[in-house]
Every structure is written in C-alpha cells, then in structure tokens.
1. So which residues in segment 15-29 are assigned to a helix (DSSP H, G or I) and surrounded by 10 or more Cβ atoms within 10 Å (Cβ to Cβ), if there are any at all?
2. Considering only segment 75-82, I want to know if a residue exists there that is closer than 22 Å to Val108 by Cα and in contact (Cβ under 8 Å) with a residue 60 or more places away in the chain.
3. Need pairs with beta-carbon distance below 9 Å; first residue over 16 Å from Arg130 (Cα atoms) and within segment 148-170, second open to solvent by 100 Å² or more (accessible area, probe 1.4 Å) and of a type in the set (Lys, Arg); sequence gap 6+ or separate chains.
4. Looking at Gly85, is it in a loop (DSSP other than H, G, I, E, B), in contact (Cβ under 8 Å) with a residue 24 or more places away in the chain, open to solvent by less than 80 Å² (accessible area, probe 1.4 Å) and out of contact with any strand residue (DSSP E or B) (no Cβ under 9 Å at 6 or more places or on another chain)?
5. Since Phe113 meets every condition but one in (1) in contact with a Leu (Cβ under 9 Å, 6 or more places away or on another chain); (2) closer than 15 Å to Arg169 by Cβ, which condition does it not meet?
6. Take the conditions touching a Ser or Thr at 6+ places or on another chain (Cβ under 6 Å), closer than 30 Å to Asp159 by Cα and not hydroxyl-bearing (Ser, Thr, Tyr) and apply them to Ala107. Does it pass?
7. Consider only pairs whose beta carbons are under 6 Å apart and that are at least six residues apart or on different chains; among these, list those whose first residue lies in segment 121-133 and is open to solvent by less than 60 Å² (accessible area, probe 1.4 Å) and whose second residue is aliphatic (A, V, I, L, M) and modelled with pLDDT of 85 or more.
8. How about segment 124-144: which of its residues are part of a loop (DSSP other than H, G, I, E, B) and either of a type in the set (Gly, Ala, Ser) or in contact with a Ser or Thr (Cβ under 9 Å, 6 or more places away or on another chain) (or both)?
Amino acid sequence: FNGPEVFSSQFHFRYRNDNPDILRWSFNVRHLLMSMREEGIEKVVFARRSSLYTDGKIDEFSVLRGLCEQNHRTYNFMFRPGFSGCFLGATPERLFRLNGSCIESEAVAGTSFETTESGIQPDLNGSLLRNRKNLHEQRVVLDDLEEKFAVLCSNYQSDMGPSLLELSRIKHLYS
C-alpha cells in the first residue's frame, strides 16, 4: 500500500482494489488526453475509487484524526451516509465557504512532488511559480471560478497571481 502512514502504520491490509485498475486507468488517461486535444478541453479532474480491506475493523475517527495530524493545511472531511462504511479524505482546496452573503473559494492547481526523506523541499528558486504548464492549469481553474462568480455575485475579487501552497508531501499553486 502506497498511501499515507496514517493508514499503513495502524492497519494491516489484506488487499487493495482500485477501480479502474492500473491498466484501465492508463488506457483512460491516454484516451482522455487524445479527446482533450481533439475537442480543445483545457483541464479535467480524473479520479478513481480505491477500496482497502483489512484484517479488522477500521475506526474511521482514528483515521480522520490521523489525517488531521498529518495534513495541517488541508480540509479534512468524513461523510457517513449510512451504517455501512464512510467516505473520508483530505483536500488542499476549499470548495466553498459561505459566510452570510459572502462566498469564498480557492483555486488550487499545478503540482510539484519535490520531497526528501525528511519531507517536502522548500521551493527556494520558485520553480513551481515559473512553470508554464502548472501556471496554465492554475489559471484555467481560476478563470472557471471567476466565470461562475460573475454569474452568482454582484462583485468579486481574486488574487493578482498564484502563491505557493506547501503541504506535507506536495506543493501546489494557490489563489
């Protein structure tokens, strides 16, 4: 299992099931990239479902607590729609926050995995902030948010440019 230590240090996993599996995932990515080029689509968020099976019961509150301890700058969540299972995770991006008549959101895109054994390397030379591909990805997300806010809001504002969001293992561009 290649997930966060919060899982692998507390539980013994019997097996993992990814849907789609790695072969189908690779095929889907190639097909998606071809479709994006042909249809002029700029950005797609692609996901898969992973199910992890253990020898014992998982205490989802312990997992959530571990996510919170491990990811200080993420939004951690847990939904329990019924009595069988839950959906939990950590995301660096606030989808929205409603405060009275004010709505806030964040554009997080562009990624760097510059890590060492002791954690993330500081971006001393600003390489992520100068990377054209990542800057373009972040701009696409920000433009989409601005387009939606223009319809929903009487006025809105956004950052002049992205800044760096450094998490425990990864860096993103953030506005």
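1. Across segment 15-29, the qualifying residues are Arg24, Trp25, Ser26, Phe27, Asn28, Val29.
2. Step one: list which residues in segment 75-82 are closer than 22 Å to Val108 by Cα, which gives 75-78.
Keeping just the survivors that are in contact (Cβ under 8 Å) with a residue 60 or more places away in the chain gives none.
No, there is no match, as no residue in segment 75-82 is closer than 22 Å to Val108 by Cα and in contact (Cβ under 8 Å) with a residue 60 or more places away in the chain.
3. What qualifies is Leu167/Arg73; Ser168/Arg73.
4. no
5. (1)
6. Values: touching a Ser or Thr at 6+ places or on another chain (Cβ under 6 Å): yes; closer than 30 Å to Asp159 by Cα: yes; not hydroxyl-bearing (Ser, Thr, Tyr): yes.
Judged against the criteria, Ala107 is a match.
7. That search, which allows pairs on different chains as well, returns Asp123/Leu164.
8. Gly126, Asn131
The values are calculated or read from the model by the stated rules, or taken from the named source; none is laboratory data. Here the structure is a predicted model, which means the values were calculated and not measured. So basically every Cβ, Gly included, is an ideal-geometry build from the backbone, and we count neighbours across all protein chains shown. Please note that ligands, DNA and RNA were not included when accessible areas were found on the heavy atoms of the full protein model with its side chains. Shrake-Rupley method; radii C 1.70, N 1.55, O 1.52, S 1.80 Å.
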